[in-house]
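> First, the structure itself, so that you have it in front of you.
The values are calculated or read from the model by the stated rules, or taken from the named source; none is laboratory data. Here the structure is a predicted model, which is why all the values come from computation and not from measurement. So basically every Cβ, Gly included, is an ideal-geometry build from the backbone, and we count neighbours across all protein chains shown.
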Amino acid sequence: MFPMGSSSWVGIALFFLAFTASCFATEVTYDARSLIINGERRVIFSGAVHYPRSTVQMWPDIIQKAKDGGLDAIESYVFWDRHEPVRREYDFSGNLDFIKFFQIIQEAGLYAILRIGPYVCAEWNFGGFPLWLHNMPGIELRTDNPIYKNEMQIFTTKIVNMAKEAKLFASQGGPIILAQIENEYGNIMTDYGEAGKTYIKWCAQMALAQNIGVPWIMCQQHDAPQPMINTCNGHYCDSFQPNNPKSPKMFTENWIGWFQKWGERVPHRSAEDSAFSVARFFQNGGILNNYYMYHGGTNFGRTAGGPYMTTSYEYDAPLDEYGNLNQPKWGHLKQLHAAIKLGEKIITNGTRTDKDFGNEVTLTTYTHTNGERFCFLSNTNDSKDANVDLQQDGNYFLPAWSVTILDGCNKEVFNTAKVNSQTSIMVKKSDDASNKLTWAWIPEKKKDTMHGKGNFKVNQLLEQKELTFDVSDYLWYMTSVDINDTSIWSNATLRVNTRGHTLRAYVNGRHVGYKFSQWGGNFTYEKYVSLKKGLNVITLLSATVGLPNYGAKFDKIKTGIAGGPVQLIGNNNETIDLSTNLWSYKIGLNGEKKRLYDPQPRIGVSWRTNSPYPIGRSLTWYKADFVAPSGNDPVVVDLLGLGKGEAWVNGQSIGRYWTSWITATNGCSDTCDYRGKYVPAQKCNTNCGNPSQRWYHVPRSFLKNDKNTLVLFEEIGGNPQNVSFQTVITGTICAQVQEGALLELSCQGGKTISQIQFSSFGNPTGNCGSFKKGTWEATDGQSVVEAACVGRNSCGFMVTKEAFGVAIGPMNVDERVARLAVQATC
Ligand code: GAL
């Protein structure tokens, strides 16, 4: 026997570890027909949930609800700017702990998709690029540039190594089955010329060298270098084909709704059209569908992209901003997932044939080698319903713009346009206890900037983010001009050409005016100013509202007064160009530097409490203590009355607000015709004539039981009098269920169904909130539902004539197809 040295023990331990890991390793391979996970062909439903857009406390619930909604996987980008805010100084704390996020996904028994990017777009500030990266000398982002590639590789490797250390890749027994490099580069590649082609090849090689043991994907990359799998993003991807016939067809971003910008209406995509897009994709050979977003969440702090992305990133996703079920979308898609899963084996193993029935009606049949069949019957006509005779397989009514899923090709298990899931109308409930707000206030100190005093001077109008590194939205530009002849200059025009986004001007300490760019681009600011003899100080405050995140070379889009020109125009059009004057600069606000948003008392800061707070005053800080609404329902703060600024609760930023920006009064509709291609902004919008965003999410974990503090920085002037805290609860729930389908009703947040306000089984009319009895109904229509549901958190039963007991009035009634309409309160 030989004594073993310590290195042998380490060797044995490593072997054992490797052995255990490989025992539990999940093998992910693929071919044209599907992903193959541990030898099994799979159809995958996945949903995007971006970890920094919620809180650690919210993650388990969101992930569980995704699982309950029939998802197999959760997908997230990685957010470089948040993880490496300063070069080589990393942050993975709190809701940036992506390892923990993926571990929770694994604990829930789900797979994961890791989209590293590290350019992410995502309506995220600067597409996820840290500002130090942009400001590195000689760098060119997203192209064949050695400085950029080096930084991208270092960050990608860091993320991969962290994931490897936590054994997160499927090859190590973890949940990650796919990883993505870059993001939609193919959309803008031509603008980068040959260097773009070289770059994307390098991306592929760099990613492959990471050796993660699971396939890599590239979305919207029509020429993806092999073995990168190219995938599709859009509202519809049924006609997409990967560039390699051996790659499976995957829909990495099924845009389930759309994002919103300040001043825009709230976009919605119907449950019917969402389901239609998914079903069409699987009908045409798709095998993985990832919803973008499944939970959109909140752009906390200054993470919103730009220009002008709102703080809410709700996206009309199946889970709303607060994590509640967005019904009927969540439920309808859940049923769709279950229906498609019935055909999983046949879709991924079988052969596909299409039969054209004319008038845009197509029957797709998947046939397994064992003879089993699974069918999709689609009607892509956007206005004409169809009746399709499949002979021995039955007769089907097929609404316009819908897909019917036929199990065994002869049993309708789902139609994308027939929504049986409940509708939930969420309402905001005022919380009296938390709403007696007493305001303290303090003006933003401007003594220095009104006198032209900054931190540094240069004879040039500088680009904003290159100077600020985006540590603040605000940059002061100051200069002075010596005036001799007041007959020319006492009534002059100040003209400022800025690249955006907002501008405020002062002359000799007096406010001149304010303007913002309507679309977030260049604009010219012109105001009459009165100049005095001698030195005049011109002070300009420029603010950005989210840095661009999309488009070729978006990183080069200038912000601030970059280059100007800034001019004074006097009598007889005499002009002084101030662009090359000596400009003094100051980054950020004094209040930001003093951390006025922090509830801890600050030396030298005295909030005013004994004078009435000002209304409509620009550059003003407001502060109020409040008691958190009791219970567990999500909390929002209603900022109606405020202008534009940022809000903090207990020192944590809940995001920018811009309550005073009212959306157009036209272009909204109470009803939404799901038929025809969904184009955001063109249909299904709501919220016309209201603030584009009025309520702001205050996550429960930001709140304390006793005293909480809300701080507002008001940039343009507002009135905090009506600011109040509210909770988001389910108001009314409704369901319309066809005979033969399942009624399912449930309340959220542990509440129970208290009352059935309306219930009729027959031919009721109207919609949720306006149901009416039809010409006939079952006499037990109300009592059956009451008995099954009242007092319960959720209830459900098959809607059949038997369930409602008696025959219904006139003769032959059993041949009529009945429908149940229910309206209840939680
Ligand atoms: C895609 C992009 C996503 C997101 C989406 C729109 O182009 O990959 O990150 O920005 O558009 O919501």
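> Can you find a residue in the range 401-408 that is in contact with a strand residue (DSSP E or B) (Cβ under 8 Å, 6 or more places away or on another chain) and more than 30 Å from Lys677 (Cβ to Cβ)? Steps first, answer last, please.
Of the residues in the range 401-408, the ones in contact with a strand residue (DSSP E or B) (Cβ under 8 Å, 6 or more places away or on another chain) are 401-408.
Imposing the further condition that a residue be more than 30 Å from Lys677 (Cβ to Cβ) reduces the set to 408.
Scanning the range 401-408, I find at least one residue that is in contact with a strand residue (DSSP E or B) (Cβ under 8 Å, 6 or more places away or on another chain) and more than 30 Å from Lys677 (Cβ to Cβ), so the answer is yes.
> Check Phe98, Phe102, Phe92 and return the single one that is in contact (Cβ under 8 Å) with a residue 40 or more places away in the chain, closer than 24 Å to Asn150 by Cβ, away from the ligand (no atom under 16 Å from the Cβ) and buried (at least 20 other Cβ atoms within 10 Å of the Cβ).
Phe98
> Moving to a separate point now. What residue, among those in the range 118-140 that are outside any helix (DSSP H, G or I) and within 16 Å of the ligand (Cβ to nearest atom), is surrounded by the fewest Cβ atoms within 10 Å (Cβ to Cβ)? Don't jump to the end; show me each part of the working.
So the first thing to find is which residues in the range 118-140 are outside any helix (DSSP H, G or I), and the list is 118-124, 129-130, 135-140.
Pick out the ones that are also within 16 Å of the ligand (Cβ to nearest atom) and you get 118-124, 129.
Working: Pro118: 27, Tyr119: 25, Val120: 26, Cys121: 19, Ala122: 27, Glu123: 25, Trp124: 29, Phe129: 25.
Filtering first and then ranking leaves Cys121.
> Same structure again: Could you tell me how many of the residues in the range 302-333 are assigned to a loop (DSSP other than H, G, I, E, B) and either β-branched (Val, Ile, Thr) or within 16 Å of the ligand (Cβ to nearest atom) (or both)? Lay out the reasoning, then the answer.
Step one: filter the range 302-333 for residues assigned to a loop (DSSP other than H, G, I, E, B), giving 302-303, 305, 307-308, 310-311, 313-318, 320-324, 326-328.
Okay, now just the ones that are also either β-branched (Val, Ile, Thr) or within 16 Å of the ligand (Cβ to nearest atom) (or both), so 303, 305, 307-308, 310-311, 313-318, 321.
Selection size over the range 302-333: 13.
> Another one. Just checking: which of the helices (runs of 4 or more DSSP H) contained wholly in the range 1-106 hold 1 or more residues that are modelled with pLDDT of 95 or more and within 23 Å of Phe129 (Cα to Cα)? Write out each step before concluding.
Numbers: elements: 6-24, 59-68, 80-83.
It comes to 80-83.
> Sticking with this structure for a sec: Within the range 508-541, which residues are among the β-branched types (Val, Ile, Thr), under 23 Å from Ile587 (Cβ atoms) and under 41 Å from the mean Cα position of the chain (by Cα)?
Quick first cut of the range 508-541, residues among the β-branched types (Val, Ile, Thr) only: 512, 524, 529, 537-539.
From the residues that got through so far, the ones that are under 23 Å from Ile587 (Cβ atoms) too are 512, 537-539.
Answer for the range 508-541, where residues must be among the β-branched types (Val, Ile, Thr), under 23 Å from Ile587 (Cβ atoms) and under 41 Å from the mean Cα position of the chain (by Cα): Val512, Ile538, Thr539.
> Among the residues of the range 169-185, are any part of a helix (DSSP H, G or I) and over 20 Å from Leu288 (Cα atoms)? Outline the logic, then answer.
To start, the set of residues in the range 169-185 that are part of a helix (DSSP H, G or I) comprises 170-172, 185.
Add one more test, that the residue is over 20 Å from Leu288 (Cα atoms), and what stays is 172, 185.
There is at least one residue in the range 169-185 that is part of a helix (DSSP H, G or I) and over 20 Å from Leu288 (Cα atoms).
> From (1) within 16 Å of Leu333 (Cα to Cα); (2) within 16 Å of the ligand (Cβ to nearest atom); (3) surrounded by fewer than 24 Cβ atoms within 10 Å (Cβ to Cβ), pick out the condition that doesn't hold for Ile256.
All conditions are met except number (3).
> May I pose another question? Can you go through Phe240, Phe251 and tell me which one is within 13 Å of the ligand (Cβ to nearest atom) and either part of a loop (DSSP other than H, G, I, E, B) or farther than 27 Å from Thr665 by Cβ (or both)? Spell out how you get there, then give the answer.
Values: Phe240 fails: within 13 Å of the ligand (Cβ to nearest atom).
Among Phe240, Phe251, only Phe251 is within 13 Å of the ligand (Cβ to nearest atom) and either part of a loop (DSSP other than H, G, I, E, B) or farther than 27 Å from Thr665 by Cβ (or both).
> For the range 787-803, what are the residues that are surrounded by 17 or more Cβ atoms within 10 Å (Cβ to Cβ) and without any contact (Cβ under 8 Å) to a residue 40 or more places away in the chain?
Ala803
> Kindly indicate the residue of the range 549-565 that is surrounded by fewer than 21 Cβ atoms within 10 Å (Cβ to Cβ) and within 14 Å of the ligand (Cβ to nearest atom) and also farthest from Trp262 (Cα to Cα) among those meeting that condition.
Residue satisfying both the conditions and the ranking: Ala552.
> If I filter the range 259-271 down to residues being away from the ligand (no atom under 13 Å from the Cβ) and out of contact with any strand residue (DSSP E or B) (no Cβ under 7 Å at 6 or more places or on another chain), which single residue comes out as farthest from Ala417 (Cα to Cα)? Before the answer, list the steps.
Filtering the range 259-271 for residues away from the ligand (no atom under 13 Å from the Cβ) gives 262-266, 268, 270-271.
Among the residues that remain, those that are also out of contact with any strand residue (DSSP E or B) (no Cβ under 7 Å at 6 or more places or on another chain) are: 263-264, 270-271.
Numbers: Gly263: 31, Glu264: 28, Ser270: 10, Ala271: 8 Å.
Here the answer is Gly263.
> Let me ask another. For Val566, indicate whether it is on the phi < 0 side of the Ramachandran plot and at pLDDT below 95. First the steps, then the outcome.
Working: on the phi < 0 side of the Ramachandran plot: yes; at pLDDT below 95: no.
No; evaluated as a whole, the condition is false for this residue.
> Take Lys533 and tell me if it is basic (Lys, Arg) and touching a residue at least 60 places away in the same chain (Cβ under 8 Å). Full working, then the answer.
On the way: basic (Lys, Arg): yes; touching a residue at least 60 places away in the same chain (Cβ under 8 Å): no.
No; evaluated as a whole, the condition is false for this residue.
> Let me ask you something else. Look through Thr353, Thr423, Thr365, Thr404 and report the one residue that is among the β-branched types (Val, Ile, Thr) and either in contact (Cβ under 8 Å) with a residue 60 or more places away in the chain or touching a helix residue (DSSP H, G or I) at 6+ places or on another chain (Cβ under 8 Å) (or both).
Values: Thr353 fails: either in contact (Cβ under 8 Å) with a residue 60 or more places away in the chain or touching a helix residue (DSSP H, G or I) at 6+ places or on another chain (Cβ under 8 Å) (or both); Thr365 fails: either in contact (Cβ under 8 Å) with a residue 60 or more places away in the chain or touching a helix residue (DSSP H, G or I) at 6+ places or on another chain (Cβ under 8 Å) (or both); Thr404 fails: either in contact (Cβ under 8 Å) with a residue 60 or more places away in the chain or touching a helix residue (DSSP H, G or I) at 6+ places or on another chain (Cβ under 8 Å) (or both).
Checking each option against the conditions leaves just Thr423.
> Quick check, is Lys384 touching a residue at least 24 places away in the same chain (Cβ under 8 Å), among the charged types (D, E, K, R) and assigned to a strand (DSSP E or B)? I'd like the intermediate steps shown before the answer.
Numbers: touching a residue at least 24 places away in the same chain (Cβ under 8 Å): yes; among the charged types (D, E, K, R): yes; assigned to a strand (DSSP E or B): no.
No; evaluated as a whole, the condition is false for this residue.
> Also: Please tell me if Asn536 is on the phi < 0 side of the Ramachandran plot, in contact with a Cys (Cβ under 9 Å, 6 or more places away or on another chain) and surrounded by 17 or more Cβ atoms within 10 Å (Cβ to Cβ). Break it down stepwise before answering.
On the way: on the phi < 0 side of the Ramachandran plot: yes; in contact with a Cys (Cβ under 9 Å, 6 or more places away or on another chain): no; surrounded by 17 or more Cβ atoms within 10 Å (Cβ to Cβ): yes.
No.
> Within the range 48-89, work out how many residues are farther than 16 Å from Leu168 by Cβ and away from the ligand (no atom under 16 Å from the Cβ).
Initial filter on the range 48-89 (farther than 16 Å from Leu168 by Cβ): 48, 50, 52-58, 60-62, 64-72, 79-82, 84-89.
The next check asks that each one be away from the ligand (no atom under 16 Å from the Cβ); those that pass are 54-58, 60-62, 64-72, 84-89.
Residues in the range 48-89 being farther than 16 Å from Leu168 by Cβ and away from the ligand (no atom under 16 Å from the Cβ): 23 in total.
> Could you list, ordered by first residue, the pairs with Cβ atoms under 6 Å in which the first is in the range 74-86 and assigned by TED's automatic domain parsing to the domain that holds Arg142 and the second is polar (S, T, N, Q) and modelled with pLDDT of 95 or more, at least 6 apart or interchain?
Final answer for the pair search is Glu75/Ser46; Glu75/Asn290.
> Also, quick follow-up: I want to confirm something. Restricting to the range 105-117 and keeping residues that are more than 16 Å from the ligand (Cβ to nearest atom) and not hydrophobic (A, V, I, L, M, F, W, C), which single residue is surrounded by the most Cβ atoms within 10 Å (Cβ to Cβ)? Can you show your working first?
Within the range 105-117, the first condition is being more than 16 Å from the ligand (Cβ to nearest atom), and the residues that meet it are 105-112.
Subsequent filtering for residues that are not hydrophobic (A, V, I, L, M, F, W, C) retains 106-107, 109, 111.
Values: Gln106: 20, Glu107: 11, Gly109: 10, Tyr111: 25.
Taking the candidates together, the pick is Tyr111.
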